[in-house]
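Read-outs: derived from the displayed coordinates by stated rules, not from any lab. Predicted model, so just to flag it, every value in this text is computed and none were measured. Note that we place each Cβ from the backbone using ideal geometry, even for glycine, and neighbour counts take in every protein chain shown.
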Amino acid sequence: MAPQVSQKPTRSWRFHLSGGRLCIDFANTVSWRAGGRPIERLAGYADLAAWGRQTGLLTAAEAARLAAEAERRDPDARRALAEGRRIRETLYRIFRALADGRAPAPGELAALNGMLSQALSRRRLVGRGKGFAWSWREDDDPLRRLFWPVVQSAAELLASDDVRHVRACASPTCGWIFLDTSRNRRRRWCAMSVCGNRAKVRRFYARREA
């Protein structure tokens with residue numbers, strides 16, 4: 001079940017892409033998830049298109065076209081956004097369990113496998129220069145095109161040795177997860193610019209009061 005979150009418009013929001021993998025950055029599109037007032041950063045389909053642009057999945061022109069299509073097909077866009085949030089919550093529960101040292105629930109993995117089957121059915125090879133490259137078939141459902149690379153990213157991470165280094169931010173109100181790629185594997189914060197600096201400020205004032 002998705003968290004009960006504030007539905008503030010977030011079109012100007014600059015996403016913090018500090019998770020280390022595409023799937024984790026998608027799971028982190030709810031801010032302050034562990035606190036009492038989480039904020040939904042995918043409040044509308046335009047936010048999803050903006051996330052795709054910021055992650056590099058979409059060019060600026062592609063993001064604009066996708067947002068325009070969402071406006072023309074508002075009911076379809078709302079359903080696609082709801083599906084994206086469901087995918088996000090499944091991924092979050094899987095990776096949060098791993099960060100906490102628990103095995104993900106079998107139902108969550110089954111749900112991910114169902115998503116993966118749909119995503120991989122849309123993979124295709126296309127010519128690029130003198131060679132070939134992987135791409136995504138989008139002619140049947142462009143409003144869902146962003147979900148497929150996210151799901152593939154999750155499957156690839158889960159099947160890799162890196163999955164052992166999935167962590168949760170040490171802030172009690174944050175809830176974001178990340179892949180710890182630091183040299184000593186002792187990273188504590190989702191990002192120093194967010195929770196790391198907040199912790200430093202709290203320690204500073206605590207020392208002053210002491």
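Data table
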quantity: Residues Asp161, Asp74, Asp47 arranged by fewest to most Cβ contacts within 10 Å; calculated: Asp161, Asp74, Asp47
quantity: Debye log10 I(q)/I(0) at q = 0.15, 0.34 Å⁻¹ for segment 114-153, Cα point scatterers; calculated: -0.36, -1.17
quantity: Segment 140-182 shape via C-alpha gyration tensor axes, a/c threshold 1.5; calculated: oblate
quantity: Potential extension, Asp100-Lys130 segment - 0.36 nm per residue separation minus Cα distance; calculated: 6.2 nm
quantity: Mean residue ellipticity (222 nm) of the chain, computed from DSSP H runs ≥ 4 via -39,500 (n - 2.57), nearest 500; calculated: -14500 deg cm²/dmol
quantity: As computed over segment 42-106, the Cα convex hull volume per residue (Å³); calculated: 89
quantity: Full-stretch length increase - Arg185, Ala68 - with 0.36 nm per residue and alpha-carbon distance subtracted; calculated: 37.8 nm
quantity: Of the DSSP H helices in the chain, those whose Cα atoms cover at least 20 Å axially and whose Kyte score averages 0.5 or more; calculated: 106-120
quantity: Residue order, fewest to most surrounding Cβ atoms within 10 angstrom, among Val30, Val126; calculated: Val126, Val30
quantity: Exposure proxy order (Cβ contacts within 10 Å, fewest to most) of Trp13, Trp134, Trp176, Trp189; calculated: Trp134, Trp13, Trp189, Trp176
quantity: About the Cα centre, charge dipole magnitude for the chain (Lys/Arg +1, Asp/Glu -1 at Cβ), debye; calculated: 1000
quantity: Gaussian network model of the chain, Cα within-10 Å springs - most flexible of Gly20, Gly35, Gly127; calculated: Gly127
quantity: Shape parameters for the chain, alpha-carbon atoms, Rg then Dmax in Å; calculated: 18.2, 67
quantity: For segment 17-22, 3J(HN,Hα) per residue [Karplus equation, 6.51 cos²θ - 1.76 cosθ + 1.60, θ = phi - 60°, Hz, x = Gly/Pro]; calculated: 9, 10, x, x, 8, 4
quantity: Cysteines, the chain, no other Cys beta-carbon under 4.7 Å; calculated: Cys23, Cys195
